[in-house]
Amino acid sequence: MLTSPFPLLGLTGGIAAGKSFVARQMADRGWAVIDADALAREAVRPGSDGLAAVVAAFGPGCLQADGTLDRAWMAVHVFADGGARARLNAILHPRIEALLAERLLALSPGTRGAVLDAALWVERGRAHHFDAFWTVDAPEDLRLARLLARDGMPREAALARLRAQASAPERALHADLVIPNDGRDLAEILTGAEASLLSNWKIRRARTWRSPMPAPFTADQLREVLSALLHKGGDYAEVFVERRRAHALGMDDGRMEDVLSSETFGASLRLMDGETTRFADLIAPAFEELVEAARTLAAPGTGSSADVPALAVQIHPTPSPVERDPDTVPLDEKVALVRRAEALARKEAEALRPGALKQVSVGYGDNTQRVWIAAAERNDGVWTGRLTEDHRTQGVLRTNVTAGDGSQLQTGYQALGETRGFELFTDEAVARTVKEAVRLAIQALYAQPAPAGTFPVVLSSSAGGTMIHEACGHGLEADLALAGMSAFAGKLGQKVAADGVTIIDDGTLPHKRGSQAIDDEGNPVSRVVLIENGVLKAYLQSRKTSRKMTTEPTGNGRRESYRHLPIPRMRNTFLAAGSEAPEAILRDLDRGLLVKHMGGGQVDTVTGNFVFQVTEGYWVENGEPKYPVKNATLSGCGPEVLKQLTRIGSDLHHFDIGTCGKDGQGVPVSDALPTILCPSLVVGGTAEPLPSVI
């Protein structure tokens, strides 16, 4: 947890973007600058215990002749292997954190602020650990020119280095400020950003690093429950405690038909002993009931009792600070929000096409979940215990509009939802959401039946990442891979997609629907690179699957509630941005379909075959959208689509939101992709078939 008496600014940027230049400018303004990348090098200097630990883990081959770490060898043998990289991180990160703490402690309390300068804050899942996070960016051609002039390397090698890091659009998703270092004077930008940071960093820190919440049970009581769970053996024991409050409002055709409120309190116990897992859930339990249930779960065991140590309380920052807790918002204010959205939909529809509106439905919901997770685990014969907690807030406003012209009815749907408080529902955001739902419904009245055939399809970034989530993402969840129910099973390290295709699942993205501080097993969230430049690098892991695969949990063990077992689940899943202008991708489409909004669909995770609905699409000829289409579907095979992708846009900004269902559980998620060209998809439609382009 941050305790410095001055603000901490996380600073990052792509190679040759000018991050160091901005750091120097901040130093000139009186800020202390700490180079975290230099600390990483210091952690493995010759003679250090860090270097000794690396050698013990990876062998003497990781050293050069002079005894220093051979970074080229590490790149080949460690950084390319997800499991090896995780082991290296486990060695280095605590040492880097210790060095960082030393540097911060040595600074004067009167320091104006500290800049923590590192290239890989986003990649390490640390972008939300600061009082503010800035990224420095510059056009790729300018960065390339700088890199060539600075390092004198071949052009292809320089491009490879540029594109090996997180892309500029991805870094921007995390950033409070994107600094355009393209030769312009940055003084005005930095002055304004510095003033804003100095004025609000204490408020931001308090929201990000929340103080521990009053828990239903003390740490000593939870330790006693864990001891009861493990008194007849086991490798891992867990107590999951949850309090949840939810509110929902629904308005249909001007009538407020639903006003719902609920509150739940419960706990579950889990005991893992080798391949065996035992589980129990209890509604509103007293401490004595937890202990009794723990002893009942433990009863079949035949091992010896565990000596559970005192639980170490761990506090993790949230990537989604809340300004206004929905629990504190009066009901009449929520009702007013729904009425305002409904009235705006009617006004907008009448302006676009008088008399066409047939129905408006508006739904509001908020959900505040508090969880406490106590766990004891044995590794190499040594027991550890920990207690973590999280406070999660979700808000959503859904608008569904139906329009008709006497011969047909068409609908438009849009949702506004994030891990934010009631501050999410600004007039601007609500108006944008409602107007888009109305536009989709009215436009569909003018749409023509979609042609059928096999055509190239351009998926716009506004379409969201439904295809990535459904057709690819589920197959990258470790439990399905272990069961052989995934098209990606057994393919770690193999080429499974085209060059340039990188798929990431990230629980640290600020305010995205799948973001939280910890997963439902108490592990801090992370950024997981699943496919990197076409090569399968990792699966999404829970604690159970990571044990079977001899790797580390990835922070993807999620559950719907205390009544469910945690399983590997996606959070915010996206295809990383490429380097092409999206308009150029569309301009080169001779004939095919442009998809701007996707609907629901079905997918077979074993084969990757999918069928999705298109809720907004356009028939394209000679690079120009000719007319909107309706009743279109897309069919194909997710893994095959990934292998065919050759054009990936540089835009990555729209995340679709939803609730993902799996094994009878639903959890909040989001997904995204940049504009891409799928060279060959089967388009289903109700018009006369056209000759296929492919």
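The values are calculated or read from the model by the stated rules, or taken from the named source; none is laboratory data. On a predicted model such as this, the values are computed, not experimentally measured, just so you know. Heads up, the Cβs are rebuilt from the backbone with ideal geometry, glycines too, and the neighbour counts pull from every protein chain shown. The area values use the complete protein model at the heavy-atom level, side chains included, leaving out ligands, DNA and RNA. Shrake-Rupley method; radii C 1.70, N 1.55, O 1.52, S 1.80 Å.
Figures for the structure shown
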{"quantity": "Length gained when the stretch residue 304-residue 52 is fully extended (0.36 nm per residue, less Cα-Cα span)", "calculated": "87.2 nm"}
{"quantity": "Accessible area in square angstrom per residue, segment 336-476, 1.4 angstrom probe", "calculated": "35"}
{"quantity": "Accessible area (Å², 1.4 Å probe, nearest 10) - residue 413", "calculated": "110"}
{"quantity": "Label of the coordinate-derived value, Cα Rg over 2.2 N^0.38 Å, listed as (1) 0.93; (2) 1.20; (3) 1.00", "calculated": "(3)"}
{"quantity": "For segment 45-194, alpha-carbon Rg relative to the globular expectation (2.2 N^0.38 Å, N residues)", "calculated": "1.24"}
{"quantity": "Solvent-accessible heavy-atom area per residue, rounded to whole Å², over segment 91-239 at 1.4 Å", "calculated": "45"}
{"quantity": "Segment 561-694 - accessible surface per residue (Å², probe 1.4 Å)", "calculated": "40"}
{"quantity": "Förster radius 25 Å - calculated FRET efficiency between residue 296 and residue 325 (Cβ-Cβ, nearest 0.05)", "calculated": "0.10"}
{"quantity": "Within the accessible area of the chain (1.4 Å probe), percent carbon and sulfur", "calculated": "52"}
{"quantity": "For segment 1-40 and segment 159-183, distance of Cα centres in Å", "calculated": "16"}
{"quantity": "Residue-by-residue Karplus 3J(HN,Hα) for segment 237-252, coefficients 6.51, -1.76, 1.60, Hz, glycine and proline x", "calculated": "9, 8, 10, 10, 10, 9, 10, 9, 10, 9, 9, 9, 10, x, 10, 10"}
{"quantity": "Amide proton proximity set for residue 630, modelled H, under 5 Å, gap of 5+", "calculated": "448, 450"}
{"quantity": "Of 491/512; 512/596; 347/626; 491/544; 495/662; 19/512, pairs whose Cα-Cα distance is over 22 Å", "calculated": "491/512; 347/626; 495/662; 19/512"}
{"quantity": "12 Å reach of a label modelled at residue 264, 7 Å along Cα-to-Cβ, counting backbone N of segment 369-394", "calculated": "369-370"}
{"quantity": "Segment 652-658 - phi-based ³J(HN,Hα) in whole Hz, Karplus 6.51/-1.76/1.60, Gly and Pro as x", "calculated": "8, 8, 9, 10, 6, 10, x"}
{"quantity": "³J(HN,Hα) computed for each position of segment 367-373 - Karplus, 6.51 cos²θ - 1.76 cosθ + 1.60, integer Hz, glycine/proline x", "calculated": "8, 10, 10, 10, 10, 10, 10"}
{"quantity": "Charge dipole magnitude, Cβ of K and R +1, D and E -1 - the chain, Cα centre, debye nearest 20", "calculated": "380"}
{"quantity": "Long-range HN-HN contacts of residue 421 with modeled amide H, under 5 Å", "calculated": "323, 324"}
